[in-house]
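Asker: This is the structure I have questions about; it appears just below.
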Amino acid sequence: MKKYNHLIDLGDYSVEQWNEIIQLASTIMKNPHIYEGACTGKIMATLFYEPSTRTQMSFQAAMLRLGGGIIGFDNPETSSIAKGENLKDTTKTVSAYSDIMVMRHYLEGTVKAAALTADCPVVNAGDGGHLHPTQTLTDLMTLTEEKKRLTDLNIGICGDLKNGRTVHSLVRAISKYDNNKLTFISTPELGLPDYLKKELTESGTICKDVPSLEEALPELDVLYMTRIQKERFISDEAYEQQKDVFMLNMAKLKSAKDDLIILHPLPRVDEIANEVDDDPRALYFKQANYGMYARMALILIMLDYDMKMKPLLNGGNSKGLECKNPRCIVNNEHGLVHSFVETNGVHVCEYCEERI
């Protein structure tokens with residue numbers, strides 16, 4: 001079976017490859033005419049089982065600007081999924097029509113499961129509350145262009161750190177660069193998962209938890225705001241208890257550095273007041289534009305390179321273990337075998353990273 005250059009987790013690529021993508025993205029942004037026909041004759045499929053504006057449209061715009069074509073859906077109810085077609089049959093079929101496939105899904109681990117049998121490279125455009133690697137490429141490009149470095153930064157991350165797939169991908173990536181500090185601004189209920197905190201500690205990244213924006217802001221070089229995600233909560237009541245805890249406005253920004261940059265993966269609800277949009281430190285709309293160039297570079301590299309990729313699944317299930325995460329794809333799709341890797345006596349689901 002042929003191995004493709006999938007991007008499921010940004011850790012699938014080396015830091016050197018991340019930097020290469022970012023450098024290429026910057027070159028494309030400055031010289032877009034050079035790349036206008038780079039993907040002529042290529043087709044990208046976008047399979048979005050979950051709503052999206054920026055990620056879906058920026059991928060589509062990226063491919064069109066490169067001269068390629070696009071197929072796909074943004075509502076599974078308009079496809080054979082509505083008739084009961086399973087994940088494998090959908091992705092196997094669509095990948096046969098495509099040179100590259102981009103997928104977003106509401107269940108963790110789905111994109112990896114799709115990549116196991118796909119006949120083209122697959123890109124994770126967000127799998128549940130798990131990971132979002134192309135948003136992180138966008139974030140790294142934004143920091144490179146706006147702060148001129150990926151080291152020696154104090155980055156505050158505010159909001160839903162438990163369910164925020166953009167957060168999970170970003171903290172892993174930024175920990176690979178030297179002398180960065182991470183300040184987590186959240187409630188205990190929405191804090192960063194313990195396994196990620198352990199990874200950061202083991203990497204030597206300095207981290208601290210702060211209960212309020214007011215306390216954190218004076219020290220920050222970067223503030224990364226995130227939405228409290230209603231769709232990740234088990235009930236409306238649980239969401240209502242958390243949704244208005246952290247809100248950024250101009251009064252709070254008075255104590256921030258003049259060269260602070262404010263980022264947000266978007267969409268926002270009410271966690272950033274509209275009045276902040278006119279502050280020169282607010283760069284979230286510019287950040288979204290950088291995302292298109294980051295995805296243009298990613299498409300070119302994935303279609304052009306024949307990289308040595310590690311297997312998608314490295315463990316097994318000789319002990320008959322089962323993933324306990326109800327939002328993991330293995331618990332929602334027939335025919336998938338539970339697979340775990342063991343680290344220090346802890347078994348980790350290879351799809352969603354649930355710990356047993």
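The values are calculated or read from the model by the stated rules, or taken from the named source; none is laboratory data. This is a predicted model, so every value here is computed, not measured. When we count neighbours, we look across all protein chains shown, and the Cβ atoms used for this are built from the backbone with ideal geometry, even at glycine. Just so you know, the surface numbers come from the protein's heavy atoms only, side chains and all, with ligands and any DNA or RNA stripped out. Shrake-Rupley method; radii C 1.70, N 1.55, O 1.52, S 1.80 Å.
Asker: What number of residues within the stretch 323-332 are of a type outside the set (S, T, N, Q) and open to solvent by 40 Å² or more (accessible area, probe 1.4 Å)?
Answerer: 3
Asker: Moving to a separate point now. Please list, ordered by first then second residue, the pairs with beta carbon atoms under 7 Å, 6 or more apart or interchain, first in the stretch 337-352 and under 19 Å from residue 106 (Cα atoms) and in contact (Cβ under 8 Å) with a residue 24 or more places away in the chain, second in a strand (DSSP E or B) and of a type outside the set (Lys, Arg).
Answerer: 349/328; 349/340; 350/340; 350/341; 351/108; 351/328; 352/108; 352/328
Asker: Please work out which residue is farthest from residue 283 (Cα to Cα), limiting yourself to the stretch 92-138 and to residues that are buried (at least 23 other Cβ atoms within 10 Å of the Cβ) and among the charged types (D, E, K, R).
Answerer: 112
Asker: Same structure, new question: Among all residue pairs at least 6 apart or on different chains, which show Cβ distances below 6 Å where the first residue, located in the stretch 284-309, is hydroxyl-bearing (Ser, Thr, Tyr) and modelled with pLDDT of 95 or more and the second is open to solvent by less than 30 Å² (accessible area, probe 1.4 Å) and assigned to a helix (DSSP H, G or I)?
Answerer: Listed by first residue and then by second, the contacts come to 290/138; 290/141; 290/142; 293/25; 293/28.
Asker: Going through the stretch 340-354 one residue at a time, which ones are part of a loop (DSSP other than H, G, I, E, B) and either under 22 Å from the mean Cα position of the chain (by Cα) or under 14 Å from residue 113 (Cβ atoms) (or both)?
Answerer: Once the filter is applied, which keeps residues that are part of a loop (DSSP other than H, G, I, E, B) and either under 22 Å from the mean Cα position of the chain (by Cα) or under 14 Å from residue 113 (Cβ atoms) (or both), the stretch 340-354 yields 350, 351, 352, 353, 354.
Asker: Here are the criteria: (1) open to solvent by 20 Å² or more (accessible area, probe 1.4 Å); (2) at pLDDT 95 or above; (3) on the phi < 0 side of the Ramachandran plot. Tell me which single one residue 148 does not satisfy.
Answerer: (3)
Asker: Please give the number of the condition residue 193 fails out of (1) crowded, with 21+ Cβ neighbours inside 10 Å; (2) more than 19 Å from residue 252 (Cα to Cα).
Answerer: Checking residue 193 against (1) crowded, with 21+ Cβ neighbours inside 10 Å; (2) more than 19 Å from residue 252 (Cα to Cα), the one that fails is (1).
Asker: OK, next. Take the residues in the stretch 254-303 that are in a helix (DSSP H, G or I), open to solvent by 20 Å² or more (accessible area, probe 1.4 Å) and in contact with a Pro (Cβ under 9 Å, 6 or more places away or on another chain), then tell me which one is farthest from residue 166 (Cα to Cα).
Answerer: Restricting to residues being in a helix (DSSP H, G or I), open to solvent by 20 Å² or more (accessible area, probe 1.4 Å) and in contact with a Pro (Cβ under 9 Å, 6 or more places away or on another chain), the top hit is 303.
Asker: Going through 89, 74 one at a time, which residue ends up being without any contact (Cβ under 8 Å) to a residue 60 or more places away in the chain, within 21 Å of the chain's Cα centre (by Cα) and open to solvent by 10 Å² or more (accessible area, probe 1.4 Å)?
Answerer: Going through 89, 74 in turn, just one is without any contact (Cβ under 8 Å) to a residue 60 or more places away in the chain, within 21 Å of the chain's Cα centre (by Cα) and open to solvent by 10 Å² or more (accessible area, probe 1.4 Å): 74.
Asker: Kindly establish whether residue 313 is modelled with pLDDT under 95 and either of a type outside the set (Val, Ile, Thr) or open to solvent by less than 80 Å² (accessible area, probe 1.4 Å) (or both). Give the derivation first.
Answerer: On the way: modelled with pLDDT under 95: yes; either of a type outside the set (Val, Ile, Thr) or open to solvent by less than 80 Å² (accessible area, probe 1.4 Å) (or both): yes.
Yes: the conditions hold for residue 313.
Asker: Return the residue satisfying two criteria in turn: it lies in the stretch 15-62 and is β-branched (Val, Ile, Thr) and crowded, with 19+ Cβ neighbours inside 10 Å, and of such residues it is farthest from the chain's Cα centre (by Cα).
Answerer: Taking the stretch 15-62 and keeping what is β-branched (Val, Ile, Thr), we get 15, 21-22, 27-28, 34, 40, 43, 46, 53, 55.
Then drop every residue that is not crowded, with 19+ Cβ neighbours inside 10 Å, which leaves 21-22, 28, 46, 55.
Numbers: 21: 15, 22: 15, 28: 22, 46: 16, 55: 10 Å.
Residue satisfying both the conditions and the ranking: 28.
Asker: Given the conditions (1) within 18 Å of the chain's Cα centre (by Cα); (2) over 17 Å from residue 13 (Cβ atoms); (3) of a type outside the set (Lys, Arg); (4) outside any loop (DSSP other than H, G, I, E, B), which single one is not true for residue 139?
Answerer: Only one criterion is unmet by residue 139, namely (2).
Asker: Among the listed residues 251, 216, identify the single one that is in a helix (DSSP H, G or I), surrounded by 13 or more Cβ atoms within 10 Å (Cβ to Cβ), over 21 Å from the mean Cα position of the chain (by Cα) and at pLDDT 90 or above.
Answerer: Exactly one of 251, 216 is in a helix (DSSP H, G or I), surrounded by 13 or more Cβ atoms within 10 Å (Cβ to Cβ), over 21 Å from the mean Cα position of the chain (by Cα) and at pLDDT 90 or above, namely 216.
Asker: I would also like to ask the following. Scan the stretch 329-348 for residues that are touching a helix residue (DSSP H, G or I) at 6+ places or on another chain (Cβ under 9 Å) and at negative phi and jot them down.
Answerer: Passing the criteria: 329, 330, 332, 333, 336, 337, 338, 339, 346, 348.
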